[in-house]
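Heads up: the structure comes next, in structure tokens.
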Amino acid sequence: MTKTSTNCQNIKRDTTISLSAALKEVKPLMQDKTGVYVLEDGGTAMVTRAWLCEYAEKSIDIQYFIFSTDNIGLIASDYLVRAADRGVKVRLLIDDIMVDGGFKDILSLNAHENIEIRIYNPGVNLGKNIFQKIGKFATDFRSANQRMHNKTFVVDKQVVITGGRNIADEYFDYDHEYNFRDRDVLLLGKETKQINTSFQQFWDSDLSVPAIELTDTLPEELNDKDRFSKLHEYACNPENFWPQVREKIQNLPQVFKSLKESDKLVWTDSVSFVSDFPGKNDGESGLGGGGITTSKLLKLVKSAKKSIEIQTPYLITSELGKNLFKEVVERGVKVRILTNSLASTDNVEAFSSYQTDREALLETGVKIYEFKPDAAEQTKIMTGALQEELDYKPTFGLHAKSMVIDGKTTIIGTFNLDPRSANLNTECITIINSKEITKFVLEGMEEEFKPENSWHITLDYNPDSEVSNYKRLKTWTRKILPKDIL
């Protein structure tokens, strides 16, 4: 027997455990309230998703902007296949533009009798050659740029994970070179009904096309009974998914029990999930037009009386945005924003536009901080097994999209402060009116505003010189790109 198969046999799914049994104690609370638990580190966020897949009983509905076929993506696929093998119905909705896996891999998963995959707004990636892709952007620019940025992971229609993370190595501390500081929220109970409704709206939309309809030629191996054997072998290989991580998943029932009893799981009747509709807006305003999440966030910012704390990986403000912040600051509201520095960003195009407007934004009275690529909190936040073995620190970039209003309302979601999120991409946010949750999130934010984790930007100082001349030149050349599509 090979080493890989031995590893999988040594750690088996406990058939005495079920999700419904794990939730039995809190079932009465779930009828009228929503349980909220913030997932700060990538390791816990990954293990929680895996455990929920392992013990799902009826359904798994997944909606993501990015679902990569890297280490994390392949392991996630294996968990979904094994759930489907048990009879769990799996529905996977992925945006077309960022699918980097082979079409054969997608069709292979889709061929499972209990897995169905749909692609949102196809035409710019899957099944298209370079000329067809260029043609789409040239002839239907707005439509090509309308992407689904929602991220929801729904199990048995009663447990949800939503927030900033996509499915790829860098969101779960598994990348060797670059990882994200991100944030998700686990929701149990009442408000998950709204998330189920939102998922179904996207699933039923004309923009969501069954993957099998995007090709005229089906690969022969779709009928191979052993087509998932290589996927299982990969996921079972301890070099790809370490035994100690599987053990954490196996032991999660105890962790889940302690989670239910901890003060970090807060039950509240004041949680709102807000999502744009498929397609975002009617397009009458060109590349503008806003959306439901845009309007809700504008209303929340205008409602602030004392303070606004924001984390956003990309910070691109229109004249409307700058005027809004100016008005808020002039009312006496303190506004602090943490975004990526040139040294920590993964998107020089977005940074280039922010760089151009940075001085004007500072002049509104907003305080800006830029994340350090070697932030001191990296060791604490990045708990993934891989990071424990590396003798160096990968670059650490900000990807969390969060806001705290007046120290009592927390917003966690997918919305970046940029025109793309405001007008083109569909987004979703969770609004939590809880002093306990806000206190916990705000503690993390306060830590990241400290000098060991971020640079305080002023009209006289920025850390752009911390990067190579090449990256600075590359950023400068991107200034020709129109702000509306960034």
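Kindly check whether there is at least one residue in segment 311-328 that is farther than 30 Å from Ile480 by Cβ and surrounded by fewer than 17 Cβ atoms within 10 Å (Cβ to Cβ).
Checked against the condition, which is being farther than 30 Å from Ile480 by Cβ and surrounded by fewer than 17 Cβ atoms within 10 Å (Cβ to Cβ), segment 311-328 yields at least one hit.
Under 9 Å between Cβ atoms, at least 6 apart or on separate chains: pull out the pairs that start in segment 126-148 with a residue that is within 17 Å of Pro278 (Cα to Cα) and modelled with pLDDT of 80 or more and end on any residue that is outside any loop (DSSP other than H, G, I, E, B) and of a type in the set (S, T, N, Q).
As it stands, the answer is Gln146/Thr426; Arg147/Thr426; Met148/Gln63; Met148/Ser208; Met148/Thr426, since those pairs meet every condition given.
If you check Ser353 against the conditions, is it of a type in the set (Gly, Ala, Ser), crowded, with 22+ Cβ neighbours inside 10 Å and in a helix (DSSP H, G or I)?
So Ser353 fits the description; yes.
Any idea which residue in segment 344-393 is modelled with the lowest pLDDT, counting only those that are of a type in the set (Ser, Thr, Tyr) and closer than 26 Å to Asn240 by Cα? So that I can check it myself, show each step before the final result.
Of the residues in segment 344-393, the ones of a type in the set (Ser, Thr, Tyr) are 344-345, 352-354, 356, 364, 369, 379, 383, 392.
Checking which are closer than 26 Å to Asn240 by Cα leaves us with 379, 383, 392.
Details: Thr379: 76, Thr383: 62, Tyr392: 76.
Top of the filtered list is Thr383.
Is there a residue in segment 98-107 that is modelled with pLDDT of 90 or more and touching a helix residue (DSSP H, G or I) at 6+ places or on another chain (Cβ under 9 Å)?
As a first pass, look at segment 98-107 and keep what is modelled with pLDDT of 90 or more: none.
No, segment 98-107 contains no residue that is modelled with pLDDT of 90 or more and touching a helix residue (DSSP H, G or I) at 6+ places or on another chain (Cβ under 9 Å).
Filter segment 271-309 for residues that are outside any loop (DSSP other than H, G, I, E, B), under 25 Å from the mean Cα position of the chain (by Cα) and small (Gly, Ala, Ser) and give the result. Even if it seems obvious, please write down each step before you answer.
Let us first name the residues in segment 271-309 that are outside any loop (DSSP other than H, G, I, E, B), namely 271-275, 292-303, 307-309.
Okay, now just the ones that are also under 25 Å from the mean Cα position of the chain (by Cα), so 271-275, 292-301, 308-309.
Once the filter is applied, which keeps residues that are outside any loop (DSSP other than H, G, I, E, B), under 25 Å from the mean Cα position of the chain (by Cα) and small (Gly, Ala, Ser), segment 271-309 yields Ser272, Ser275, Ser295.
Any idea which residue in segment 193-204 is surrounded by the fewest Cβ atoms within 10 Å (Cβ to Cβ), counting only those that are more than 26 Å from Thr312 (Cβ to Cβ) and touching a Lys or Arg at 6+ places or on another chain (Cβ under 9 Å)?
Lys193
Just to be sure, is Ala144 touching a Lys or Arg at 6+ places or on another chain (Cβ under 9 Å) and hydrophobic (A, V, I, L, M, F, W, C)?
Answer is yes for this residue.
Could you tell me whether Ser341 is farther than 29 Å from Glu247 by Cβ, out of contact with any strand residue (DSSP E or B) (no Cβ under 7 Å at 6 or more places or on another chain) and in the same structural domain as Trp476 (by TED's automatic domain parsing)?
So Ser341 fails the test.
Restricting to segment 424-443, count the residues that are modelled with pLDDT under 95 and surrounded by 22 or more Cβ atoms within 10 Å (Cβ to Cβ).
Looking only at that region, the number is 1.
Could you tell me which residue of segment 108-126 is farthest from Leu214 (Cα to Cα), considering only residues that are part of a loop (DSSP other than H, G, I, E, B) and among the polar types (S, T, N, Q)?
Once the filter is applied, the top-ranked residue is Asn114.
Restricting the search to segment 263-291, which residues are hydrophobic (A, V, I, L, M, F, W, C) and out of contact with any helix residue (DSSP H, G or I) (no Cβ under 8 Å at 6 or more places or on another chain)?
Once the filter is applied, which keeps residues that are hydrophobic (A, V, I, L, M, F, W, C) and out of contact with any helix residue (DSSP H, G or I) (no Cβ under 8 Å at 6 or more places or on another chain), segment 263-291 yields only Val271.
Mind listing just one residue for me: the one in segment 154-179 that is part of a loop (DSSP other than H, G, I, E, B) and among the polar types (S, T, N, Q) and, of those, nearest to the chain's Cα centre (by Cα)?
Only one residue tops the list, namely Asn166.
Conditions: (1) in contact (Cβ under 8 Å) with a residue 60 or more places away in the chain; (2) of a type in the set (A, V, I, L, M); (3) farther than 26 Å from Thr197 by Cβ. Ala21 meets all but one. Number of the miss?
(1)
Okay, residues lined up against (1) modelled with pLDDT of 95 or more; (2) over 27 Å from Leu188 (Cβ atoms); (3) touching a Cys at 6+ places or on another chain (Cβ under 9 Å):
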site	(1), (2), (3)
Thr395	no, yes, no
Met403	yes, no, no
Gly413	yes, no, yes
Asn453	yes, yes, no
Ile457	yes, yes, no
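Quick check: is even one residue across segment 215-223 of a type in the set (Val, Ile, Thr), out of contact with any Leu (no Cβ under 7 Å at 6 or more places or on another chain), under 27 Å from Arg86 (Cβ atoms) and without any contact (Cβ under 8 Å) to a residue 12 or more places away in the chain?
no
The values are calculated or read from the model by the stated rules, or taken from the named source; none is laboratory data. Values in this document were obtained by computation on a predicted structure and should not be read as measured data. When we count neighbours, we look across all protein chains shown, and the Cβ atoms used for this are built from the backbone with ideal geometry, even at glycine.
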